Every structure is written in structure tokens, then in C-alpha cells.
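Shown next, in C-alpha cells, is the structure this report addresses.
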Amino acid sequence: MHAFTPEGPLCFRSVWISDVHLGSMHCKAEHLLELLNRIECQRLYLVGDIIDVWAMSKRVHWPESHTKVLRKLIQISQGTTEVTYIPGNHDANFREFCGGKFENISVCESMIHETTQGKRLLVIHGDELDYAVRYSRLNRFVGDIAYEVLMSLNRYVNAIRALVGLRYWSLSKWVKVNVSQAEGAIRAYQRAAVLLARDRGLDGIICGHLHFPLVEQVDDITYCNDGDWVENCTALVEDYAGEFQLMSGWDLAPASIAQLYPKVA
């Protein structure tokens, strides 16, 4: 576990960020901007749902902070950092540009990332794995509409909490942890991800989509989910020794996954 200083640059070999949902009122763009202004890395992966086209088709919410995030990403790509964008399901419109570039940002359907230790990990958004939970009770209970309701309720809950000086709390995350059907669907998704990596002869998989950050070794496969910037505000980082960990955008300190969620076996 790295010890990060309160100020100054945060240096990594690679960084993964997904599920930012720019254009949605639930996006925590300010927290992401704080991170982007401090990180220095060789590779930055944008692992889908960076812009929430779905949300903007219903209601456009685009404050200045969302523009600043996009400008910062372009600025990073114009430096020494190699930036790769893998569109997700909420920004699937951009998948038609796979194989091309926006500014200096490469657009790809998926990537194989190789660590300094020679391990090869598949990088995908993760909506490809939805088949694992498509018919679960989770989809009937916490589908897109129900999720939007939970997040809207969460705004009011946290407005009240802020008035009494309490920290941000996620209602959606509470549901994922405490509803047994949600826990079962998360396990099914993780199993599908591990099997996909194993079937392709890879050492691991890095994805987003689930809004459930986790770094876990499952037998011979490394499973990493970088989380999101709607509820958890987490990024996945790789140090120069090839080790992975999550870091929190709430306080720019390493995020102990035990504090975020109990372990999903």
C-alpha cells in the first residue's frame, strides 16, 4: 500500500478510470479533476462510460467542471502519457470510431495491457459480461430506471447529511452490499470476467461498468474493477513494480477495499 502525500504529483506506471458519466447530474467531476491534476503516468486508460450519452438524451446536465475534465484529458494526451479510450455502453456511439483517434487519444474496442512482470490483462468496459446477470433478480430490482431512482434519492439524503457535517454516503452501494440478490449478481459477473480472461489465455482482466471497485486474485486470474466517479470515486493504479491497487478520489488516499465493501467470495 502506497503512502500518498497530501499534495504534489502522484506517479504511476498506469491508471484506469471508467464510469465517469459526464453529462449526468450524478457525476463527481470535481473529484476526478483533482485526481487528473495530480497524476503522472505512462498510460491512462479510459475504460468506458466517460460521457453519458444515455443520460443526455433525456436531460443534459453539463456544468463547467465537465468541460474541464474533457480539456484535462486532451491536455494529458498531448504530453508524454499514452491515453486509450475504450467506449462503454453509455457512450457506445463512439465505438464506431474504434481504430481511430480523438486528438491524441486512441479509441479501441479492447486492449491487452502488459505489466512490468510480463503479465497480460484484458482491458474492456465490461457490459459484454452482462449476460451473466441478465436474468437475475438484480436486473428486475436495480435496472437502469431503479438505479436512477436510487441515485436521485441519494442526492436528497446527502444534502441532509451535508447539513449536519456527515460524509457522502451511497444508497446504491448500500443496496449492492446488503441485498442478497445484488451480491449474487455481482459474483456472477466477476466469475464471467475471470472465465473470459482464462479462456483467452490471459493473466487477468480489468473492467468497469459494475460500479463495484475491487482488486482480487481468483486462483490464477487477477480481477480488477476500477469503480466509478458517480458513487465510489475510485481509480485503479499500477505502480512501477506491476502491483495494482485502488485509490480514492474522495481524499486522494489509497482506498482500502475492505472499507468500501466487504469481500465478495
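The values are calculated or read from the model by the stated rules, or taken from the named source; none is laboratory data. Everything numeric here is computed off the predicted structure, so don't read it as measured data. No Cβ is skipped: glycine too gets one built from the backbone with ideal geometry, and neighbour counts run over all protein chains shown. Remember, those area values only see protein heavy atoms, side chains included, never the ligands or the DNA or RNA. Shrake-Rupley method; radii C 1.70, N 1.55, O 1.52, S 1.80 Å.
Compute the length gained on full extension between Ile74 and Arg191: take 0.36 nm times their separation in residues and subtract their Cα-Cα distance, giving the result in nm to one decimal.
Details: separation 117, 0.36 × 117 = 42.12 nm, distance 3.49 nm.
Fully extending the segment from Ile74 to Arg191 adds 38.6 nm.
Enter the accessible area of His21 (Å², nearest 10), with the probe set to 1.4 Å and all protein chains included.
10
Going from most exposed to least, what order do Phe97, Phe12 have by accessible area with a 1.4 Å probe?
Phe97, Phe12
Points 7 angstrom from Cα along the Cβ direction at Val164 and Asp199: gap in nanometres?
Spacing of the two 7 Å Cα→Cβ label points: 4.9 nm.
Among 54-62, 42-50, how do they line up by average Cβ neighbours within 10 Å per residue, starting with the highest?
Values: 54-62: 13.9, 42-50: 24.1.
Result, highest mean Cβ count within 10 Å first: 42-50, 54-62.
Mean shadow of the range 1-89, computed from the convex hull of its alpha carbons, in nm²?
On the way: hull surface 25.0 nm².
One quarter of the hull surface, i.e. the mean projection, equals 6.2 nm².
Note down the net charge around Met111, summing +1 for each Lys or Arg and -1 for each Asp or Glu among other residues with Cβ under 12 Å from its Cβ. Numbers along the way, then the final one.
Details: positive: Arg43, Arg120; negative: Glu82, Glu109, Glu114.
Value of the local net charge: -1.
Please work out how much length the chain gains when fully extended from Gln217 to Ser57, using 0.36 nm per residue of separation minus the C-alpha to C-alpha distance, in nm with one decimal.
Working: separation 160, 0.36 × 160 = 57.60 nm, distance 3.84 nm.
Length gained, Gln217 through Ser57: 53.8 nm.
Round to a whole angstrom and tell me the spacing of the C-alpha centers of the range 187-229 and the range 29-74.
Each part's Cα centre sits 23 Å from the other's.
Taking every pair of Cα atoms in the range 89-133, average 1/r, invert it to obtain the Kirkwood radius, and report Rg/Rh to two decimals. Please list the in-between numbers first.
Working: Rg = 13.0 Å, Rh = 12.4 Å.
Rg/Rh for the range 89-133 comes to 1.05.
Please compute P(r) over all alpha-carbon pairs of the range 191-254, binned at 10 Å starting from zero, and give each bin as a whole-number percent.
The distribution over the range 191-254 is 22, 49, 25, 3, given as percents.
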